[in-house]
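Inspection log for the structure reproduced underneath, given as structure tokens.
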Amino acid sequence: MSNIPIFLSSDNNYAPFVATTIASICDNTKCFCEFYILDSGIEEDNKDKIRNLKNIFNNFKIEFIKIVPEKDLENIEYKNACHHVSISTYNRFLIHEIKPELEKIIYLDVDIIALGDINTLFECRLDGYSLGAVPEKESNQKYKTELDLDLQHQYFNAGVLLINNRDFDSKKLFDAERAYRDKLKWADQDVLNIVFANNYKILDKKFNFMTGEKEQENIVLRHFNTDLKPWHFDEGLKTSYVLNLQIFWHYAKMTDFYDEIKNLVKYKTMADFNKKRLLIIMEKRKNA
């Protein structure tokens with residue numbers, strides 16, 4: 001079995017979810033995992049908390065790779081409309097420059113938990129493509145036109161990427177960001193779709209099972225890709241809005257961040273959540 005190189009990107013705010021993601025992967029994967037954390041300012045105490053997963057699992061190692069946005073992403077003009085995503089999302093553009101010796105790698109967002117063995121993703125054939133990804137359920141045709149994308153292109157979600165690192169050209173990505181930055185709605189995800197339009201390996205949705213999909217049994221990676229994050233909901237709630245909520249909390253409890261994550265809960269009851277949704281709907285109607 002080969003070791004599996006897995007890249008995650010985080011600033012200090014998302015450190016608890018780095019730990020949760022790693023715990024879920026290690027608990028479901030037999031192979032040895034090499035985690036490379038693209039670090040945009042994670043504090044040393046939080047790095048130690050992530051490393052403390054070694055007290056539970058012995059099938060992984062971690063390397064923190066310091067990213068300084070002012071230097072490493074100096075040419076990025078961050079204009080992202082998606083408020084829950086930080087500029088550190090662009091760190092993935094640097095992977096080839098940082099680790100050119102790695103041939104095939106996995107990139108994951110940190111709002112993901114593993115429900116199955118991630119090696120099943122790593123073993124997928126790329127069949128000559130530079131990138132493997134899962135298309136999103138719906139693609140806005142008007143938005144594709146704004147980005148000069150072929151309407152036949154299946155817009156993919158960039159939260160889970162299987163990458164041929166030898167072909168992952170950082171310059172192309174940064175050039176595309178510069179050319180389209182005034183049109184970007186989903187930041188680096190848009191850029192990746194521009195660069196790899198109609199030229200990527202389509203992966204099974206079980207490798208990036210997103211919010212809004214019909215529940216299935218063979219999920220490998222569960223991606224909480226909307227602004228409805230599991231850490232906003234009390235662990236005791238049962239809701240169809242956030243499938244696999246209890247599994248997220250199962251892995252959160254394995255980390256040294258459990259109490260900290262609990263403090264992020266917004267909705268302790270579904271009444272709290274429904275009240276908030278109603279206020280949002282009324283605000284949208286008011287501004288329409």
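The values are calculated or read from the model by the stated rules, or taken from the named source; none is laboratory data. Computed from a prediction, not measured in an experiment: that's the story for all the values here. Cβ placement follows ideal geometry from the backbone for every residue including glycine, while neighbour counts extend to all protein chains displayed.
Residues that are within 17 Å of the chain's Cα centre (by Cα) and closer than 30 Å to LYS104 by Cβ, at least 1 per element: which helices (runs of 4 or more DSSP H) completely within segment 158-261 meet that?
Where helices (runs of 4 or more DSSP H) fall fully within segment 158-261 and carry at least 1 residues being within 17 Å of the chain's Cα centre (by Cα) and closer than 30 Å to LYS104 by Cβ, they are 187-195, 245-252.
Within segment 107-114, is there a residue that is in contact with a helix residue (DSSP H, G or I) (Cβ under 6 Å, 6 or more places away or on another chain), of a type in the set (Val, Ile, Thr), farther than 21 Å from SER10 by Cα and in contact (Cβ under 8 Å) with a residue 60 or more places away in the chain?
no
Starting from segment 150-161, take each residue that is under 20 Å from ILE113 (Cβ atoms) and list its partners that are buried (at least 20 other Cβ atoms within 10 Å of the Cβ) and of a type in the set (Asp, Glu), counting only C-beta distances under 6 angstrom and pairs at least six apart or across chains.
Filtered contacts from segment 150-161: ASN157/GLU136; GLY159/ASP109.
Given LEU237, LEU278, LEU245, LEU221, which one is at negative phi and touching a residue at least 40 places away in the same chain (Cβ under 8 Å)?
LEU221
Just a yes or no: is a residue in segment 187-205 under 30 Å from ASP45 (Cβ atoms) and modelled with pLDDT under 90?
For segment 187-205, residues under 30 Å from ASP45 (Cβ atoms) and modelled with pLDDT under 90: present.
Condition (residue is polar (S, T, N, Q) and modelled with pLDDT of 95 or more) applied to segment 169-185: is it met by at least one residue?
No.
Inspect segment 233-248 for any residue being of a type in the set (Asp, Glu) and touching a strand residue (DSSP E or B) at 6+ places or on another chain (Cβ under 7 Å) and give the result as yes or no.
Yes: one or more hits.
Between a residue in segment 182-202 that is closer than 13 Å to GLN154 by Cβ and any residue that is surrounded by fewer than 19 Cβ atoms within 10 Å (Cβ to Cβ) and polar (S, T, N, Q), which pairs come within a Cβ distance under 6 Å, given they are 6 or more apart or on different chains?
none
Just to be sure, is TYR90 in contact with a helix residue (DSSP H, G or I) (Cβ under 8 Å, 6 or more places away or on another chain), part of a helix (DSSP H, G or I) and in contact (Cβ under 8 Å) with a residue 60 or more places away in the chain?
Yes: the conditions hold for TYR90.
Could you pull out the residue among TYR241, TYR200, TYR258 that is in contact with a helix residue (DSSP H, G or I) (Cβ under 9 Å, 6 or more places away or on another chain), surrounded by 21 or more Cβ atoms within 10 Å (Cβ to Cβ) and of a type in the set (Ser, Thr, Tyr)?
None of the other options fit; the residue is TYR200.
Give the residues of segment 133-149 that are surrounded by 11 or more Cβ atoms within 10 Å (Cβ to Cβ), of a type outside the set (S, T, N, Q) and in a loop (DSSP other than H, G, I, E, B), sorted by residue number.
Scanning segment 133-149 gives GLU136, LYS137, LEU147, ASP148, LEU149.
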